[in-house]
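Provided herewith is a single structure, encoded as structure tokens, for subsequent inquiry.
The values are calculated or read from the model by the stated rules, or taken from the named source; none is laboratory data. Fair warning: this is a prediction, and the values are worked out from it, not measured in the lab. Cβ: placed from backbone, ideal geometry, glycine included. Neighbour counts: every protein chain shown. Note: accessible area is taken over every heavy atom of the protein model, side chains too, but ligands, DNA and RNA are not part of it. Shrake-Rupley method; radii C 1.70, N 1.55, O 1.52, S 1.80 Å.
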Amino acid sequence: MRRLRNVKIVATLGPASSDYATIVQRSLDATANLNGAMSTAAVTAVPAVPTYTNPATGNTATNPLAVQLHAVARIIAAAPTLGLKRQVFFVSMGGHDSHDGQNTAQPDNLAKLASAMAYLDTVLSNMNGVDMRPQVTTFTASDFSRTLTSNGDGTDHAWGGHHFIMGGAVNGGDIYGQFPTIGVDAGSFNNPDVSGAAIIPTTSVDQYAATLGAWFGATPTDLATIIPRLKNYPTANLGFV
């Protein structure tokens, strides 16, 4: 094998390299702006996340969902400094795919959700002296639900489920859509809204999304473009906001 000596490598900045450099610089600038905004008094005044209690064990622990919402609240508080008028945040909470151990996991998951929602509502109620709850709508989303019957230690994948919407603009204290009546006949479910052990949805995710989209400012024409299947349902706006 011969050794190569005095090899010269020449690199040129083409369009891709130039675009990459521009994106990196834009990211650095955005980070600097965000760091500056996060040091304002309104942001630093956002209270820390309290612990929650696991109802199954009685132990207290840090709530990972509330930690995410703490970050969301801080960015909402920084919005005036950042010049933002509309913001969309996604937070996530796992542990609901409960094929096993549901009786232990479900109470803990619901306690986390309740504690996190209460924390966010409290923070938004007085953000630098302003009640921000009318301007913030929080809602849940999931790709499937659970069966109504147990598999022995949990439940399996199913269709229809329920969602939770919170905020000052929400017409709350009510259930929207058709709530199923669960009847038992000879040990099996006998209900037109139920197939086997799964609830059949009577309200579409398209209607759910359209109602939230309308609150966000989308016009009926916008929604028809964004959600093409919306025309298949008699009611586009469910009225919960």
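Which residue is least open to solvent (accessible area, probe 1.4 Å), if the candidates are limited to segment 57-94 and must be in a loop (DSSP other than H, G, I, E, B) and farther than 28 Å from GLY213 by Cα?
ASN63
Moving to a separate point now. Of the numbered conditions (1) at pLDDT 90 or above; (2) farther than 25 Å from TYR52 by Cα; (3) touching a strand residue (DSSP E or B) at 6+ places or on another chain (Cβ under 7 Å), PHE144 fails exactly one; give the number of that condition.
The number of the failed condition is (1).
Here is a follow-up. Just to be sure I understand the filter: pairs with C-beta atoms under 7 Å, separated by 6 or more residues or on different chains, first member in segment 123-136 and assigned to a helix (DSSP H, G or I), second member open to solvent by 70 Å² or more (accessible area, probe 1.4 Å) and not hydrophobic (A, V, I, L, M, F, W, C). Which pairs pass?
Close Cβ pairs satisfying both conditions: LEU124/ARG133; SER125/ARG133.
In segment 195-203, is there at least one residue being assigned to a strand (DSSP E or B), open to solvent by less than 60 Å² (accessible area, probe 1.4 Å) and not hydrophobic (A, V, I, L, M, F, W, C)?
For segment 195-203, residues assigned to a strand (DSSP E or B), open to solvent by less than 60 Å² (accessible area, probe 1.4 Å) and not hydrophobic (A, V, I, L, M, F, W, C): present.
Taking the criterion of being among the acidic types (Asp, Glu) and at pLDDT 90 or above, would at least one residue in segment 180-201 satisfy it?
No, every residue in segment 180-201 fails to be among the acidic types (Asp, Glu) and at pLDDT 90 or above.
Could you identify the single residue in ALA209, ALA118, ALA214 that is of a type in the set (Gly, Ala, Ser), over 27 Å from ALA71 (Cβ atoms) and not in a loop (DSSP other than H, G, I, E, B)?
ALA214
Could you check, for segment 176-189, whether at least one of its residues is part of a loop (DSSP other than H, G, I, E, B), open to solvent by 60 Å² or more (accessible area, probe 1.4 Å) and in contact (Cβ under 8 Å) with a residue 40 or more places away in the chain?
Among the residues of segment 176-189, at least one is part of a loop (DSSP other than H, G, I, E, B), open to solvent by 60 Å² or more (accessible area, probe 1.4 Å) and in contact (Cβ under 8 Å) with a residue 40 or more places away in the chain, which makes the answer yes.
Further question: Among the residues of segment 118-140, count how many are under 16 Å from ALA78 (Cα atoms) and crowded, with 18+ Cβ neighbours inside 10 Å.
Within segment 118-140, residues that are under 16 Å from ALA78 (Cα atoms) and crowded, with 18+ Cβ neighbours inside 10 Å number 7.
Can you pull out the residues in segment 35-54 that are part of a helix (DSSP H, G or I) and open to solvent by 70 Å² or more (accessible area, probe 1.4 Å)?
Quick first cut of segment 35-54, residues part of a helix (DSSP H, G or I) only: 35-37, 41-44.
Residues satisfying the conditions are ASN35, ALA41, THR44.
Scan segment 150-179 for residues that are touching a Phe, Trp or Tyr at 6+ places or on another chain (Cβ under 8 Å) and within 19 Å of SER195 (Cα to Cα) and jot them down.
Hits for segment 150-179 are HIS157, ALA158, TRP159, GLY161.
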